[in-house]
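The values are calculated or read from the model by the stated rules, or taken from the named source; none is laboratory data. All figures in this text were calculated on a predicted structure; none of them were measured in a lab. Positions of Cβ are generated from backbone atoms using ideal geometry, with glycine treated the same way; all protein chains shown enter the neighbour counts.
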Amino acid sequence: MKESKYPYALSEEQWKEKLDPDSYYVLRKKGTERPFTGQYNMHFEDGSYSCKACGTTLFTADQKFESGCGWPSFDQSIEGTVEYVRDNSHGMIRTEILCANCGSHLGHVFDDGPTETGRRYCVNSLSLDFEKGEDQ
């Protein structure tokens, strides 16, 4: 296995065994689920959202808002859990967000959010797990 800069690292074969094919495509191959199809798009229960690949808690329900973009949106992440990478793909300049613990692709962050942070973390449902409970 090649060395990784991330604390939680698996080989590609181990990732394929751990994740279902759709989640593997999003998390490890930087794919995107179709808008308005993800299970957490219109999900507003109390609890926390974690990286489906490694289990790191990334967002809390009080950080989530309805953006109308078709993907779960948050106005901030839990400090230190997300890595930011310039993304020049598809003829655009965007900021990709990765799990800081395992390097898995979560989505992108934009500076058009409606709250005081001004940010909109646009996240694929397939990259998340949810644990019901009080926000942390």
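Filtered by the rule that a residue be farther than 20 Å from residue 55 by Cβ and under 12 Å from the mean Cα position of the chain (by Cα), region 77-111 gives 84, 96, 108, 109. Considered as a group, the residues in region 62-76 that are more than 12 Å from the chain's Cα centre (by Cα), in a loop (DSSP other than H, G, I, E, B) and in contact (Cβ under 8 Å) with a residue 40 or more places away in the chain include one that is surrounded by the fewest Cβ atoms within 10 Å (Cβ to Cβ), and that residue is 69. Hey, does region 1-21 have a residue that's surrounded by 15 or more Cβ atoms within 10 Å (Cβ to Cβ) and closer than 22 Å to residue 113 by Cα? No: region 1-21 contains no residue that is surrounded by 15 or more Cβ atoms within 10 Å (Cβ to Cβ) and closer than 22 Å to residue 113 by Cα. The set of residues in region 23-44 being under 13 Å from residue 128 (Cβ atoms) and either at pLDDT below 95 or exposed (fewer than 13 other Cβ atoms within 10 Å of the Cβ) (or both) consists of 39 alone.
For region 123-133, the set of residues classified as in a strand (DSSP E or B), within 22 Å of residue 34 (Cβ to Cβ) and either in contact with a Gly (Cβ under 6 Å, 6 or more places away or on another chain) or of a type in the set (Phe, Trp, Tyr) (or both) consists of 123, 130, listed by residue number.
Which residue pairs have Cβ atoms closer than 7 Å, lie 6 or more positions apart in sequence or on different chains, and pair a first residue in region 37-50 that is farther than 20 Å from residue 81 by Cβ with a second residue that is assigned to a loop (DSSP other than H, G, I, E, B)? Within 7 Å, the pairs are 41/70; 41/71; 41/72. How many of the residues making up region 89-122 are buried (at least 16 other Cβ atoms within 10 Å of the Cβ) and not in a strand (DSSP E or B)? Here the count works out to 7. Is it the case that region 92-104 has a residue that's in contact with a helix residue (DSSP H, G or I) (Cβ under 7 Å, 6 or more places away or on another chain) and more than 12 Å from residue 125 (Cβ to Cβ)? Taking every residue of region 92-104 in turn, at least one turns out to be in contact with a helix residue (DSSP H, G or I) (Cβ under 7 Å, 6 or more places away or on another chain) and more than 12 Å from residue 125 (Cβ to Cβ). Looking at residue 55, is it in a loop (DSSP other than H, G, I, E, B), touching a residue at least 60 places away in the same chain (Cβ under 8 Å) and buried (at least 20 other Cβ atoms within 10 Å of the Cβ)? When the stated conditions are applied, residue 55 does not pass them. Tell me yes or no: at least one residue of region 75-92 is among the hydrophobic types (A, V, I, L, M, F, W, C), touching a Gly at 6+ places or on another chain (Cβ under 9 Å) and closer than 18 Å to residue 28 by Cα. No: zero hits. Within region 11-36, restricting attention to residues that are assigned to a loop (DSSP other than H, G, I, E, B) and touching a residue at least 60 places away in the same chain (Cβ under 8 Å), the residue that is farthest from residue 100 (Cα to Cα) is 33.
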